[in-house]
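Provided herewith is a single structure, encoded as structure tokens, for subsequent inquiry.
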Amino acid sequence: MKIIPNKRGDKILSVYWFAILLITAGGIFAMVYIFYGTPYDVREIETRILTNQIADCVSYEGKISQNLISNGIAKEGNENFLDQCHLNFNSPEWKDAQFYTEVNLYKLENLNTPVLDIKKGNNNWVADCTIQENKKQENLPTCLRKNFYSIDDKNNQYIIKILSVVRKAEKNVKI
Amino acid sequence: MLKSKKAQTGETVSWIVATLVIIGILLIFIYVSVLMSNTKKINFTDTATGLPSESAILTEKNFIANEIMNNKNKDMIDGILKNENP
């Protein structure tokens, strides 16, 4: 008498292996998608470059530019001073400007009222910096506040505060 | 005829445990890839000082201005800047 072997177990095992294969492939796909789907966030370094550029433009070799303060007096019509700093905030990739920068010069004797307040860029992003101070949100613009000390041609002392803001969230954060 | 099914049960339990281990390892790897994706932030530091690039430049500017002024109130200025640049 010929005995026919029961092959039901083998079939179940094949289905099981196939399911494990799919789960493993799905897991590997998820890992690659998560890692490579997240863009590199370069906004922090952009704010640092912007701050450096502005700091060099405002003060060079320890002295404030004479286009800003001359003979100890703030020059008239320097609202557009940052246009001299070779900054181009307009990019064809974006409808709105994605950058904002603000420079405040304070005399050492009075750190509450700035003697000069210069702005450039899209000021819609400034409000988001206040939110970022409490808790950092990736989707909001990256802000960097830095200060340094400088003197004018009459050796008056100043604290210069620079705020640099870069938005470009869509290209730097997975939304 | 009575058949002992202990061996069969043991094998089934082994397969279930093996499946759970595979899924567990996959979940751990996925979690690690999430953590790694959060580190995709590019930032440069000054090689000489180890400080962020802008800090090194601003520190240099402060130093030069202080040198020009031969500053007596350097500590006060450093205090102000330290408070403002945490």
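The values are calculated or read from the model by the stated rules, or taken from the named source; none is laboratory data. Given the structure is predicted, the values throughout are model-derived calculations rather than measurements. Ideal geometry is used to build each Cβ from the backbone, glycine not excepted, and the neighbour counts take in all protein chains shown. Accessible surface areas use protein heavy atoms only, side chains included; no ligands, DNA or RNA. Shrake-Rupley method; radii C 1.70, N 1.55, O 1.52, S 1.80 Å.
If we scan the stretch A:59-71, do we find a residue that is at pLDDT 85 or above and within 17 Å of A:Ser164 (Cα to Cα)?
Within the stretch A:59-71, one or more residues are at pLDDT 85 or above and within 17 Å of A:Ser164 (Cα to Cα).
Related question: Across the stretch B:8-25, what is the total count of residues that are within 20 Å of A:Gly9 (Cβ to Cβ), within 9 Å of chain A (Cβ to nearest Cβ) and open to solvent by 70 Å² or more (accessible area, probe 1.4 Å)?
Total meeting the criteria: 1.
Tell me which residues, restricted to the stretch A:97-146, are of a type in the set (Phe, Trp, Tyr), open to solvent by 20 Å² or more (accessible area, probe 1.4 Å) and either assigned to a strand (DSSP E or B) or closer than 28 Å to A:Ile73 by Cβ (or both). Don't jump to the end; show me each part of the working.
Taking the stretch A:97-146 and keeping what is of a type in the set (Phe, Trp, Tyr), we get A:99-100, A:106, A:125.
If we keep only those that are open to solvent by 20 Å² or more (accessible area, probe 1.4 Å) as well, we get A:99, A:106, A:125.
Answer for the stretch A:97-146, where residues must be of a type in the set (Phe, Trp, Tyr), open to solvent by 20 Å² or more (accessible area, probe 1.4 Å) and either assigned to a strand (DSSP E or B) or closer than 28 Å to A:Ile73 by Cβ (or both): A:Phe99, A:Tyr106.
Which one is nearest to the chain's Cα centre (by Cα), of the residues in the stretch A:125-175 that are closer than 30 Å to A:Gly62 by Cα and among the small types (Gly, Ala, Ser)?
The residue in question is A:Ser164.
Taking the stated definitions as given, is B:Thr47 under 26 Å from the mean Cα position of the chain (by Cα), in a loop (DSSP other than H, G, I, E, B), modelled with pLDDT of 85 or more and exposed (fewer than 12 other Cβ atoms within 10 Å of the Cβ)?
Values: under 26 Å from the mean Cα position of the chain (by Cα): yes; in a loop (DSSP other than H, G, I, E, B): yes; modelled with pLDDT of 85 or more: no; exposed (fewer than 12 other Cβ atoms within 10 Å of the Cβ): yes.
For B:Thr47, the condition - under 26 Å from the mean Cα position of the chain (by Cα), in a loop (DSSP other than H, G, I, E, B), modelled with pLDDT of 85 or more and exposed (fewer than 12 other Cβ atoms within 10 Å of the Cβ) - is not met.
Quick one: count up the residues across the stretch A:43-96 that are more than 30 Å from B:Lys40 (Cα to Cα), facing chain B (nearest Cβ under 10 Å) and either open to solvent by less than 20 Å² (accessible area, probe 1.4 Å) or touching a strand residue (DSSP E or B) at 6+ places or on another chain (Cβ under 8 Å) (or both).
Qualifying residue count for the region: 5.
Of the residues A:Thr130, A:Thr142, A:Thr113, which is among the hydroxyl-bearing types (Ser, Thr, Tyr) and in contact with an Asp or Glu (Cβ under 7 Å, 6 or more places away or on another chain)?
That would be A:Thr142, the only listed residue that is among the hydroxyl-bearing types (Ser, Thr, Tyr) and in contact with an Asp or Glu (Cβ under 7 Å, 6 or more places away or on another chain).
Would you be able to tell me the number of residues in the stretch B:26-42 that are more than 7 Å from chain A (Cβ to nearest Cβ) and in a helix (DSSP H, G or I)?
The qualifying residues number 5.
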